[in-house]
Amino acid sequence: MNVLVIGSGGREHALSHKIKQSSRVEEVFVIPGNDAMTNVATVVGGIKESEHDKIVEFAKDNHIEWVVIGPEQPLTEGLADVLTAAGIKVFGPNQKAAQIEGSKSFAKEIMAKYNIPTAEYAVVTTKEEALMYLDAHPAPIVLKQDGLAAGKGVIVAMTHEEAVGAIELFYQNGDAEVVFEEFLAGEEFSLMVFVNDDFIIPFDVIAQDHKRAYDGDLGPNTGGMGAYCPVSHIGDDILKVTNESIAYPIARAMHEEGLNYFGLLYIGAIITEDGPKVIEFNARFGDPECQVLLTKMDSDFIEVLEALERKEALQLEWSDEAVVGVVLASEGYPGSYDKGHKVYGYNGELDYYISGLKKEEEWVTSGGRVMLALGTGASIEEAVKASYDNVAKITSDGLFHRKDIAHRAL
């Protein structure tokens with residue numbers, strides 16, 4: 001069969017590679033892709049993620065059996081709906097269901113209605129109300145910009161001054177919908193779940209992401225600076241409780257709400273004194289968690305999708321190896337940064353998943369998060385060493401990376 005992947009980042013690079021490994025797949029296409037993805041897929045130039053009609057036309061012309069949508073933007077814009085209406089199978093939720101990520105308030109309302117454990121919250125629409133709310137609920141407090149923000153629309157304000165700064169930022173253009181949440185202390189982790197309406201195939205391996213830009217979990221929130229799996233210091237008991245109290249209930253809740261969710265649900269969770277609670281839902285794979293989890297997964301991705309489509313129970317298979325991924329990002333990210341810095345040492349190896357490189361005479365940077373260096377090993381320690389050995393092969397005057405990825409597991 002032929003499969004089409006939508007997206008241009010490291011997550012889609014990893015998805016394309018994983019799908020290409022399926023014995024069922026003849027060719028993988030990717031729209032819009034990037035210059036590095038030619039090592040695993042046919043990159044289709046000239047069509048944008050937002051050009052839904054052109055994507056449908058391409059899928060029909062190239063006998064595409066499955067379309068796998070990687071990023072959140074085309075999901076919230078309804079690409080899955082358009083493809084499904086054209087009779088093309090899609091792995092990725094419809095527009096209404098994608099609100100679980102696209103609207104923080106929508107997700108919070110569902111969790112409240114169905115008693116899914118999460119932080120106490122309020123939705124505040126004006127700057128004046130926000131400042132009054134802050135007086136009644138002092139820092140530390142979490143502020144979340146409603147809508148999509150590429151993983152950067154969350155500010156964890158540990159002081160009153162930081163909270164006021166976040167309010168000034170989020171309301172700088174007038175009224176806005178901002179979710180205020182109680183600050184939860186605890187260790188965070190990422191659980192991925194395959195969902196078909198009220199049926200799920202949960203991952204039995206979790207990953208841990210590193211959101212902050214700098215070593216020691218300092219600096220601003222980013223889309224993710226690295227990830228690793230397995231997370232051996234978080235036991236199977238936590239995974240079991242998370243599935244029972246969050247994964248299965250949210251699938252049933254979305255079914256009750258008539259959302260008809262079909263795709264990957266990302267559960268960003270935190271372990272509190274009261275057990276695991278939801279920090280956020282995403283309507284797609286996390287990035288960079290996707291890259292490390294799919295590297296560890298031995299199951300055939302297409303066979304998983306087809307079992308999910310049939311609502312057929314399936315035990316996912318995993319390698320015994322640990323996997324670590326370290327993100328190399330443009331200096332200045334997640335704020336403003338320059339593009340066009342030359343990058344040396346990358347020659348198409350699959351030890352790297354690429355999100356922000358383009359090929360001119362040489363490889364040059366074209367985004368904030370530029371690439372992820374993978375490492376595998378019999379232990380986290382070995383995988384950490386392997387990933388940083390691959391980081392060391394890359395030279396550029398425009399990149400930085402964290403030096404403590406997976407530190408909680410060491």
>> Once each part is reduced to its C-alpha centroid, what is the distance from the stretch 312-369 to the stretch 84-131 in angstrom?
In response: 29
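Would you mind counting up the charge near Asp175? Only other residues with Cβ under 13 Å from its Cβ, with Lys and Arg at +1 and Asp and Glu at -1.
Taking every Cβ under 13 Å from that of Asp175, the sum is -3.
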>> At R0 = 56 Å, how high is the FRET efficiency between Tyr344 and Arg24 if r is their beta carbon distance? Nearest 0.05 is fine.
In response: 0.90
> Tell me which lysines have Cα within less than 21 Å of Lys277's Cα, excluding those fewer than 8 residues away on the same chain?
Replying inline: Lys104, Lys108, Lys113, Lys144, Lys152, Lys211, Lys240
> Percent of accessible area on the chain owned by carbon and sulfur, 1.4 Å probe?
Replying inline: 47
> Per 5 Å bin, what percent of the C-alpha pairs of the stretch 185-310 does each bin hold, from zero upward?
Replying inline: 2, 10, 20, 23, 21, 14, 7, 3, 1
> Any idea what the dipole of the stretch 185-310 comes to, in debye rounded to 20, about its Cα centre with Lys/Arg Cβ at +1 and Asp/Glu Cβ at -1?
Replying inline: 220
> Along the charge dipole of the chain, Cβ charges K/R +1 and D/E -1, which of Gly258, Ala163, Val90 sits furthest on the positive end?
Replying inline: Val90
>> Please return the longest range in the chain lying between exposed loop sites, taking trypsin sites (Lys or Arg not before Pro), DSSP loop only, at most 15 other beta-carbon atoms within 10 Å, and leaving the sites out.
In response: 49-309
>> If you count only protein heavy atoms and use a 1.4 Å probe, how large is the accessible surface of Thr126, to the nearest 10 Å²?
In response: 30
> Taking a spot 7 Å from the Cα of Ala378 along the direction of its beta carbon, which residues of the stretch 318-332 have an amide N less than 18 Å from it?
Replying inline: 319-324
> Projected area of the stretch 1-54, taken from the Cα convex hull and averaged over every viewing direction, in nm²?
Replying inline: 3.5
>> Given bins 10 angstrom wide, list per bin the percent of all Cα-Cα distances in the stretch 275-410, short to long.
In response: 11, 34, 32, 18, 4, 0
> With +1 on each Lys and Arg Cβ and -1 on each Asp and Glu Cβ, how big is the dipole of the chain about its Cα centre, in debye rounded to the nearest 20?
Replying inline: 540
>> Please list, short to long, the whole-number percent of alpha-carbon pairs of the stretch 126-176 in consecutive 10 angstrom bins beginning at zero.
In response: 26, 59, 15
> Considering the zone a paramagnetic label at Glu256 would reach in this model (a point 7 Å from Cα along the Cα-to-Cβ line), which residues of the stretch 57-101 have amide N under 18 Å from it?
Replying inline: 97, 100
> Once the Cα atoms of the stretch 1-109 are picked out, what are the Rg and Dmax in Å?
Replying inline: 13.6, 43
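In nm, what is the difference between 0.36 nm times the number of residues separating Leu410 and Ser336 and their Cα-Cα distance?
Contour length minus Cα-Cα distance gives 23.4 nm.
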> The list [x] 73, 52, 43; [y] 65, 54, 39; [z] 59, 49, 43 gives values of Cα extents along the principal axes in Å, and only one came from this structure; which label was calculated from it?
Replying inline: [z]
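The values are calculated or read from the model by the stated rules, or taken from the named source; none is laboratory data. Keep in mind that this is a model prediction, so the values were computed, not measured. Note: ideal-geometry Cβ built from the backbone for every residue, glycine included; neighbour counts use all protein chains shown. Each accessible area value is taken on the protein alone, full model and side chains, heavy atoms only, with ligands, DNA and RNA left out. Shrake-Rupley method; radii C 1.70, N 1.55, O 1.52, S 1.80 Å.
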